[in-house]
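Working notes, structure below.
Every read-out reported here was derived from the displayed coordinates using simple, explicitly stated rules and does not represent laboratory data. These numbers come from a predicted model, not from an experiment. Cβ: placed from backbone, ideal geometry, glycine included. Neighbour counts: every protein chain shown.
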Amino acid sequence: MSTNDNLKDAFAGESQANRKYLAFAEKAQEDGYPQVAKLFRASAEAETVHAHAHLRVMGGIGSSNENLQAAIDGEGEEFEQMYPGFLAEAEKEGNKPAVVSFQNALAVEKIHHGFYTEALESVKSGSDLPETKIFVCQVCGNTVTGQAPDQCPICGSAKEKFTEIS
């Protein structure tokens, strides 16, 4: 393996550790352990520092145009190739929770693809996107602009499950 392969693996590992530790922090908080939750959040932040360093060293952060195109390509690959295969396998195995998880992700990746495509067109013309509120459903990840819907069109969750992103 090359150093670049090692950087890619380290980036993936650090990124996954970040997300896992944030989930662990939520559970610790729910279980009444606020300091344990804080420790998990601190470790998650450190993992982010490591992941960003590896990504920079790999040359993985480009111009806004390049970054948006990379996001478009990644989201497209997820909803066109990755998730359909994962979904088919989960259906074949009868794993209903995985089916729901993959269906939600597939639907939301299409939405992200559209948002990034719109953003790239704005940036190419020298403009930022118009200022608007952005909300994310904490059940399925649905991402909406303007205002949160009364009911999530992807998972059916109530408006209260949407969090505004600052």
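A few points about this structure:
- Separation of segment 118-145 and segment 1-25, taken as the distance between their Cα centroids, equals 26 angstrom.
- For the chain, the Cβ-based charge dipole about the Cα centre amounts to some 400 debye (Lys, Arg positive; Asp, Glu negative; other atoms uncharged).
- Qualifying trypsin sites (Lys or Arg not before Pro) in segment 103-166, DSSP loop, other Cβ atoms within 10 Å at most 14: Lys133
- Normalising the Debye intensity of segment 3-57 to I(0), with uniform scatterers on Cα atoms only, and taking log10 at q = 0.14, 0.18, 0.21, 0.27 Å⁻¹ returns -0.39, -0.56, -0.67, -0.89.
- Taking 17 Å as the cut-off, the amide N atoms of segment 8-22 that come nearer than this to a point 7 Å along the Cα-to-beta-carbon line of Met1 belong to 8-17.
- Coarse-grained scattering of the chain at q = 0.13, 0.14 Å⁻¹, given as base-10 log I(q)/I(0) from a Debye sum over alpha-carbon atoms: -0.88, -1.03
- Maximal additional length on extending the Ala88-Val36 stretch stands at 14.9 nm, based on 0.36 nm per residue less the C-alpha distance.
- Dipole check for segment 30-124: with +1 at the C-beta of Lys and Arg, -1 at the C-beta of Asp and Glu, and the Cα centre as origin, the magnitude is about 260 Debye.
- Enclosing the Cα atoms of segment 59-98 in their convex hull gives a volume equal to 77 cubic angstrom per residue.
- Translational D in µm²/s for segment 62-128 (Stokes-Einstein at 37 °C, 0.692 mPa s, Kirkwood Rh from C-alpha pairs): 256
- Positive minus negative residues near Lys8 (Lys, Arg vs Asp, Glu; Cβ under 15 Å): -2
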